[in-house]
Amino acid sequence: MKQSLLYIFSLLILFSCKKEEPAPTPIKANNSGNNQNQTNVFSILTNPNISLSSNDVKAIFSTGNKLYFSTVNEFIAIENNQWNVVAYTQSSYINTTVNCIAANDSLLFLGAANGLYKITASDTVHVNTGLPLNNIRSLCLSDSILWIGTTSGGGLAKFNLLVNSITNTYTPSNSTLPNASIGKIAVDGSSIWLATASGFSFFDGSTFTNYSKSNSGLPNNSVYDIFVTANQQLWIAHNGGISFYNNGVFTNYNMSNSGLSLDLTRCIWVESGKVYIGTFGQGLDVFDQNINAFSHYNINNSNISNNYLSGFILKDNTLYIATQNGVNSLKVN
């Protein structure tokens, strides 16, 4: 199965380009936030020639023409409608669920419960030496540095591609990192933002600045996702709704004070003045900043395939949405 992984990655690098099928144009949502029927908003990512054993999507990522996602049982790589699937049960390398993905044009990194996989066109390497914990929850690639977030007490690790090894680890015992369970990692230049179980943190490479319910306007410490905008504003998904952080000021949105459909939010993305919010049980909320209104998409009022969302990635003006019942796509421009 090592050869299969290399074959997949080689295909993604060398496969000749074909014209992609365009995503469907969505029907405009009802900005009043009620449950108007919106039957043709989403497209479901499927391949008639491939049947996956699980539709529970755990991670999604895109770089260039390549789209990657993982389910409980498989890792899938797509380029120009060509699907390549690796089943964990048939692989001697990736034999457990892939929790997170990062990539550039020549490298593919997969984070799993048993460590890190580094895949090139010629080799697959399983990295579990130097990690504070093998259970990897998040990855973020920035130039020659791969930031690795672990769960259950492992903290943060820094993998330097130039020396091909982990050079630094950060935990509450050796740094001011507030919690060793790391959620999503967002990098903006030399600035690193971390979602944790104790709020969120800003890391400048040497010092952590921590934001929590006790020392800031953040309303809930269980932070799952952070999105950094082009002008360095933050949108934060947590168990108390969502928060907007700008110049030291928090603006919080929840079920009580806004049109947000559920306070349990898991992922967040911002594009063209709209904030896309993945909830844990009520589907997709879209907050239009221009008119200050929410729209809702769920299984009762649209063709979204599931109400439990876990991640977003933007590719070719299309937002791909990871759910517990497959990958949905939504045209955003």
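The values are calculated or read from the model by the stated rules, or taken from the named source; none is laboratory data. No experiment lies behind these values; they were computed from the predicted model shown. In this analysis, Cβ positions are derived from the backbone assuming ideal geometry, glycine residues included, and neighbour counts consider all displayed protein chains.
Remark: pairs (first residue in segment 94-109, farther than 18 Å from residue 71 by Cβ; second residue not in a strand (DSSP E or B); Cβ separation under 7 Å; 6+ apart in sequence or on different chains) = 105/64; 106/120; 107/120. Taking residue 314 as meeting all but one of (1) within 21 Å of residue 66 (Cα to Cα); (2) outside any strand (DSSP E or B), write down the number of the exception. Of the numbered conditions (1) within 21 Å of residue 66 (Cα to Cα); (2) outside any strand (DSSP E or B), the odd one out for residue 314 is (2). Note on segment 48-90: residues that are under 15 Å from the mean Cα position of the chain (by Cα) and surrounded by fewer than 22 Cβ atoms within 10 Å (Cβ to Cβ) amount to 4.
Among the numbered conditions (1) surrounded by fewer than 17 Cβ atoms within 10 Å (Cβ to Cβ); (2) within 26 Å of residue 105 (Cβ to Cβ); (3) of a type in the set (Gly, Ala, Ser), the only one that residue 153 does not meet is (2).
When 70, 51 are screened for being among the polar types (S, T, N, Q), modelled with pLDDT of 95 or more and out of contact with any helix residue (DSSP H, G or I) (no Cβ under 6 Å at 6 or more places or on another chain), only 70 passes.
Of all the numbered requirements in (1) farther than 20 Å from residue 100 by Cβ; (2) modelled with pLDDT of 95 or more; (3) not basic (Lys, Arg), residue 230 misses one, and that requirement is (2). When segment 309-331 is filtered for residues that are of a type outside the set (Gly, Ala, Ser), touching a Ser or Thr at 6+ places or on another chain (Cβ under 9 Å) and buried (at least 18 other Cβ atoms within 10 Å of the Cβ), the ones remaining, listed by number, are 309, 313, 315, 318, 319, 320, 321, 323, 324, 327, 328, 330.
Considering only residues of segment 91-116 that are polar (S, T, N, Q) and in a loop (DSSP other than H, G, I, E, B), which is surrounded by the fewest Cβ atoms within 10 Å (Cβ to Cβ)? Can you show your working first?
Residues of segment 91-116 that are polar (S, T, N, Q), as a first pass: 91-92, 95-97, 99, 104, 106, 114.
Of the ones still in play, those that are also in a loop (DSSP other than H, G, I, E, B) are 91-92, 95-97, 104, 106, 114.
On the way: 91: 17, 92: 11, 95: 15, 96: 14, 97: 19, 104: 13, 106: 9, 114: 16.
For segment 91-116, the residue satisfying everything is 106.
Spot the failing condition for residue 278; the list is (1) assigned to a strand (DSSP E or B); (2) farther than 25 Å from residue 43 by Cα, and only one is missed. Condition (2) is where residue 278 drops out.
Inspect all residues belonging to segment 293-307 and state whether any of them is assigned to a strand (DSSP E or B), in contact (Cβ under 8 Å) with a residue 60 or more places away in the chain and on the phi > 0 side of the Ramachandran plot. Scanning segment 293-307 turns up no residue that is assigned to a strand (DSSP E or B), in contact (Cβ under 8 Å) with a residue 60 or more places away in the chain and on the phi > 0 side of the Ramachandran plot. For segment 148-166, a residue qualifies if it is at negative phi and either touching a helix residue (DSSP H, G or I) at 6+ places or on another chain (Cβ under 6 Å) or in a loop (DSSP other than H, G, I, E, B) (or both), and the qualifying residues are 151, 154, 161, 162, 163.
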